[in-house]
Amino acid sequence: MTSTQASHPSVKADAYTGDFTHRLAQVADTVETFLVERLGPTLQAGEIARPPRLMEAMRHAVLGGGKRLRPFLAIETARMLGGAEDAALAAGAGVELVHCYSLVHDDLPAMDDDDLRRGKPTVHKAYDEATAILVGDALQTLAFEVTADPRWQPDPAIRAELVLGLARASGLGGMVGGQLLDLSAEGRFGPASMDIDDTLRMQAMKTGAILAFSVEAGALVGGANADERAALLRYGKALGQAFQVADDILDREASPEAMGKATGKDKDAGKATLVDRLGLDGARAECDRLVALCEEAVAPWGSRAQVLKDAARFTVARKA
């Protein structure tokens, strides 16, 4: 193995059997192994120390839970296009680290004030608020370190696009901006009223941007041309919207035990959701419409897109 090669598991490109949950679990295991390696005690180039408490709390936040849907989308998109799946694994892991950081900060008392995440105490409950803030900061920067590392993606132009795309999806015009709009909808900063268009905009930023970028990351790694990237972006945006609507439905209907966190809090907090705007039946119909858009967007790839089609259906049918 040369100094530029990575020591991490390959993503197995087995033929798809149609067992989506098995495929999702397989990829989740591979992503977990990759993340375990990134969060180990071994110093990396340029590091002075890895404080044990910080590393322990970071592992608490990241490991041992979650469906890893975001890296799954990056990996499966690259796989469909015939791209380097190991490079897609690293790009997807970068997105997952941003997602995990956002959950740590979202759970803080100043934000959503949650005690449970994925069935275990949130980071600020297991440790303390200061540690939780620093965990989020460290996970965010680690995400960009992984994404920019030439060990995973040797092409500097693709690395630059991945870093730029992740920054835009997770920053002020994406996830972070969406979080602010979500808090505003609660009336925290004065009277607020959000119609359907406002709610869709907020959700597209808060949740949809990162999910859409997961698909785009796979497209970049897979060498998609402009038309292919546009089609996959349509898929990613529709999937991100469907995910949030399904999440809003689950918040009303699922049990805390099934979700691994408190439910019903969105309604109590006055958050803007499409369930409020459309009702449960209307929200379910919207999920169906969005899944159809996903399937239409990837139709040009025929049977090669079956995993992505199944991912869209899974997104709206999940129970947790």
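Between 242, 192, 57, the residue with the greatest mean-square fluctuation in the GNM of the chain (Cα pairs under 10 Å linked by springs) is 192. Treating r as the C-beta distance of residue 284 and residue 304 and R0 as 25 Å, the FRET efficiency rounds to 0.30.
Here the label points at residue 29 and residue 225, each 7 Å from Cα along the C-beta direction, are separated by 3.8 nm in the simple model.
For the listed residue pairs 125/206; 120/237; 237/319, the alpha carbons are over 26 angstrom apart in 120/237. Helical content of the chain, expressed as a calculated mean residue ellipticity at 222 nm, amounts to -21000 deg cm²/dmol (DSSP H runs of 4 or more residues, -39,500 (n - 2.57) each, divided by residue number, nearest 500). Across the chain, counting alpha-carbon atoms alone, Rg and Dmax equal 18.9, 60 Å. Taken per residue, the accessible surface of the chain reaches 44 Å², heavy atoms only and a 1.4 Å probe.
Here the simple spin-label model places points 7 Å from the Cα toward Cβ, and for residue 110 and residue 42 these points are separated by 3.6 nm.
Which of rounded, prolate or oblate describes the range 132-192 when judged by the alpha-carbon gyration tensor and an a/c cut-off of 1.5? List each step's numbers first, then the result.
Details: a/c = 6.47, a/b = 2.20, b/c = 2.94.
Here the range 132-192 falls in the oblate category.
Applied to the range 45-54, the Karplus parametrisation 6.51 cos²θ - 1.76 cosθ + 1.60 on θ = phi - 60° returns per-residue 3J(HN,Hα) values of 3, x, 7, 8, 7, 10, x, x, 5, 5 Hz, with x for Gly and Pro. The range 283-320 and the range 182-221 have Cα centres spaced 20 Å apart.
For the chain, with all protein chains in place and a probe radius of 1.4 Å, 55% of the accessible heavy-atom surface sits on carbon or sulfur.
Couplings 3J(HN,Hα) for the range 179-187, derived from phi with the Karplus relation 6.51 cos²θ - 1.76 cosθ + 1.60 (θ = phi - 60°), are 4, 5, 5, 5, 5, 4, 5, 6, x Hz, where x marks Gly and Pro.
Just to verify a number: FRET efficiency for residue 195 and residue 125, C-beta to C-beta distance, R0 = 35 Å, to 0.05? Could the numbers behind the result be given before it?
Working: r = 36 Å, r/R0 = 1.02.
Computed FRET efficiency for residue 195 and residue 125: 0.45.
For the range 72-172, a Kirkwood radius taken over Cα pairs fed into Stokes-Einstein (10 °C, viscosity 1.306 mPa s) yields D = 109 µm²/s.
Roughly how big is the chain's charge dipole about its Cα centre, with Cβ charges of +1 (Lys, Arg) and -1 (Asp, Glu), in debye to the nearest 20?
Numbers: 36 positive and 46 negative charges, 84 e Å.
The calculation lands at about 400 debye.
Based on the alpha-carbon gyration tensor of the range 140-246 and its eigenvalue square roots a ≥ b ≥ c, which shape applies: rounded if a/c is under 1.5, prolate if not and a/b is larger than b/c, or oblate? Oblate is the answer for the range 140-246, as a/c is 1.5 or above yet b/c matches or exceeds a/b.
The values are calculated or read from the model by the stated rules, or taken from the named source; none is laboratory data. None of the values given here were measured: they were computed from a predicted structure. Positions of Cβ are backbone-derived with ideal geometry, glycine not excepted, and every protein chain shown enters the neighbour counts. Heavy atoms of the whole protein, side chains included, go into the accessibility calculation; ligands, DNA and RNA do not. Shrake-Rupley method; radii C 1.70, N 1.55, O 1.52, S 1.80 Å.
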